[in-house]
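A short write-up of the structure that comes next.
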Amino acid sequence: MTPARIIILGAKGMGMDIADTIACLAAQGQPLTVHGFLDDDASTHGGKVGSHPVLGGLADAPRYPDCLFVNGIGTARSRHLKPELIAKTGVPEDRWFTVVHPRAFVSPSAKVGRGTVLLANVSVCADAVLGDHVMVLPNSIISHDTVVEDYGTIASGVCISGRCLIRRGAYLGSNSSIRENTVIGEGALVAMAAVVTRDVAPGITVLGSPARPLEASA
């Protein structure tokens, strides 16, 4: 069987983690290979990340009609740009590849959307729902009945308790904890190690334990 060729958006950071995950899947017998990266940093074009070439910018995606794609762009600073960057490629919905590390656990009753990435030791528990283009970094827990909407980013070591709602494009920083039945608003940022015990309004940053809006913490 000819391996599916995967192109990763973003030649740094999470893009490299995704490439490693695809290599792990291939080593376990899945017919996958990393074809290369696309990155809008022109200084990377023509170079390599590990053994994989940087093929061009995001707008070059239509040059590879036989490839599948996955997004590796989405830092705390660039989280608002994820929908725009993904749209820039012009890639149709059915060519976004969902990456699940072989050491991740996904409940049979959970749902995971297109282009979503689950890295090593992630747990997605019963009846959880993850939308499209969600990034979940290593060692994070998404507990039962929690919903993470499209373009969300869950950094390493996050614990989201049951029945939470993480709205579109929210970013949860490393080692943060979210109390059960909590809503994190669209585009909100939860800082590293924050302990969230009540709803977070859209677009704001919270930090501390218990978490408070950034302005109130100054």
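Odds and ends about this structure:
- Helical mean residue ellipticity (222 nm; -39500 (n - 2.57) per DSSP H run of 4+; nearest 500) of the chain: -3500 deg cm²/dmol
- Alpha carbon centroid spacing (whole Å) that separates the range 1-56 from the range 57-107: 12 Å
- In the chain, the DSSP beta bridges split such that about 10 percent are antiparallel, to the nearest 5.
- A dipole drawn for the chain from +1 and -1 charges on Cβ atoms has a positive end, and of S176, L68, A42 the residue lying farthest that way is S176.
- Computed over the range 1-113: relative contact order in percent, which uses C-alpha pairs under 8 Å that are six or more apart: 29 percent
- Computed over the chain: relative contact order in percent, which uses C-alpha pairs under 8 Å that are six or more apart: 11 percent
- Calculated log₁₀ intensity ratio I(q)/I(0) where the Debye formula runs over C-alpha points of the range 99-205, q = 0.11, 0.13, 0.14 Å⁻¹: -0.25, -0.36, -0.42
- Once C-alpha pairs closer than 8 Å and six or more residues apart are averaged by separation and normalised to the residue number of the range 99-205, the relative contact order reads 16 percent.
- Beta bridge orientation in the range 44-147: antiparallel %, DSSP, nearest 5: 15 percent
- The range 4-95: antiparallel DSSP beta bridges as a percent of all, rounded to 5: 15 percent
- In the set (1) 0.98; (2) 1.26; (3) 0.96, the label that goes with Rg/Rh (Cα atoms, Kirkwood Rh) computed for this structure is (1).
- Gained length - E180 relative to S107, 0.36 nm times residue gap less alpha-carbon distance: 24.4 nm
- One decimal place: the segment M192-D94 gains 31.9 nm when fully extended, by the rule 0.36 nm per residue minus the C-alpha distance.
- Each Lys and Arg adds +1 at its Cβ and each Asp and Glu adds -1 at its Cβ; summed about the Cα centre, the range 112-211 shows a dipole of about 160 debye.
- Remark: the range 4-95 carries a charge dipole of roughly 120 debye about the Cα centre, counting +1 on each Lys and Arg Cβ and -1 on each Asp and Glu Cβ.
A short reminder: the numbers here are calculations on the coordinates, not readings from a lab. This structure is a prediction, so every number in the text was calculated from the model and none was measured. Neighbour counts run over all protein chains shown; Cβ positions are idealised from the backbone, glycine included.
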